[in-house]
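Inspection log for the structure reproduced underneath, given as structure tokens.
What follows is calculated from the coordinates using simple rules that are stated; it is not laboratory data. Remember, predicted model here, so these are calculated numbers, not experimental data. Cβ: placed from backbone, ideal geometry, glycine included. Neighbour counts: every protein chain shown.
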Amino acid sequence: MFGYEFYIDPSRCIGCQSCVKACEECETHRGKSMINFDFIDRPEIIASAAYVCFHCEDPTCAEVCPADAIKKGLDGIVQSALEPRCIGCANCVLACPFGIPKLQAPQELMMKCDMCYDRTSVGKRPMCATVCPSQALSYVTPEIIARTRRETPTNVFQFGHQTVKTKVFMMVPETVDVVSIDVLDYMWEARP
Amino acid sequence: MRPGHSPRRRKAIVVIDGAIALLAILLIVQMWLLSATLESYLRGHHAVVLPAAIVSGVLCLACVGLAAFVMRADRTDREA
Amino acid sequence: MSGLQNPERDPLWREEFSVFAEDEQYVTRRQLAKFLTLTSLAMFAGNAWILAKSLLRRPPVYQDVAIARVGEVPVGGVKLFSYPGPKDPCILVRTGEETYVAYSQVCTHLSCVVFFNASSRRLDCPCHQGSFSVTDGSVIAGPPPRPLPRVVVERRGPDLVATRMEGA
């Protein structure tokens, strides 16, 4: 939808997995959920997070695909793999900094979230954002986010030396001025 | 996005479309010419074969020229 | 060539296999232009082949073949024979006391065999209702595009001799 953006706030996630079930209902990907649902540290805490494809501006999955199967449209949505072209090599699975693409081995096909393109292209919200009770996944205008949330959105991610700019926003604490998440900061291994 | 890039807008698309349409029309004319020549030849009118071959050759050269134009327009527009 | 290129441009492989969906259409148009040109070349090759056939054609040499005896066929009757070769069916029709005509039996439409229709005095093709005149082989009705090739028959003594074919 024009003017609407996708916002992910993992701190709001209550682990109900409604997004997973709602995504599964779609006929276009045959009952397989495209939500990446994580339990952060299941033995210790109950925190959970749900992620969709971040639809990067310079999609790494598309760059590494040897079969030219992943395409990005003018609206910035990175489509899932084109079925006639995908050879199931899992290059994209390995390359994606966020770990989003999933390889369906029996079909030799990669499948990933495409922002419910059949819905968003005709003015509806994606299924996950529609059903999320806590709006951890939300599809609204930036004005509504500015008005209703304490956190600020960011779409710049740092993976070591690689800067990745995405279409999907993640909510980060408002106290952070320059909003860019360096994933290495959040890893428990010591930095070299 | 790669640095310095934006989703492409190409200006040459209309010109290329027109050239391809003209190419298709010339091809249809050539197809008719071939069938008419064959029929005349089988009927025993051998005089028509040579002029028809010459005209077909001219049409073919025009098609080749149009195709070269399409390739050149595509490359020029990409370099712009 | 590389010196003339814009240094900001992507390498060719990136342009041909772009990650952007809208770039695919440019490759398709180039492919279409190439395909149409190749088809045009094929058409020209067809015309050139007809030209070559026409230039290299030697006028056919026909043998004289005796096909019937005078009086063997009744008036209004027919006799089938092969001319110039065993695989070329022909038909001889006695249209009058002294007049004999002969034609190739192969219909010029789709090569069915024509027969002499005595009641209408025409050479009819049973496949698509084509009809040829028995006097000169021209098309009277139906889909045949060309007249029936005529076999020139001479009377030499007691024999009727086929000497050549016309309009084949």
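Remarks
- Taking label positions 7 Å along the Cα-Cβ direction at both residue C:154 and residue A:44, the computed distance is 11.7 nm, reported to one decimal.
- Alpha carbon centroid spacing (whole Å) that separates region A:49-116 from region C:65-118: 76 Å
- If only the Cβ of Lys and Arg carry +1 and only the Cβ of Asp and Glu carry -1, the dipole of the protein assembly as shown around its Cα centre is close to 1660 debye.
- Folded to 0 to 90 degrees: helix C:24-56 orientation relative to chain C principal axis, Cα: 30 degrees
- Straight-distance candidates among the lysines for linking to residue C:79, with alpha-carbon spacing under 17 Å and chain neighbours fewer than 8 residues away dropped: C:87.
- Put the Cα centre of region A:1-17 next to the Cα centre of region C:120-168 and the gap is 87 Å.
- Sites excluded, trypsin sites (Lys or Arg not before Pro) in DSSP loops with at most 12 other C-beta within 10 Å, longest stretch of chain C: C:88-168
- Two-site label geometry, residue B:14 and residue C:28: point separation in nm, points 7 Å out along Cα→Cβ: 2.1 nm
- Each Lys and Arg contributes +1 and each Asp and Glu -1, all at the Cβ; summed about the Cα centre of region B:13-79, the dipole is approximately 160 debye.
- Cross-link pairs A:32/B:11; A:165/C:34; A:112/A:165; A:102/A:165; A:21/A:124 - those with Cα-Cα distance over 30 Å: A:32/B:11; A:165/C:34
- Near residue A:12, once Lys and Arg are set to +1 and Asp and Glu to -1 for all other residues with Cβ below 10 Å from its Cβ, the sum equals -1.
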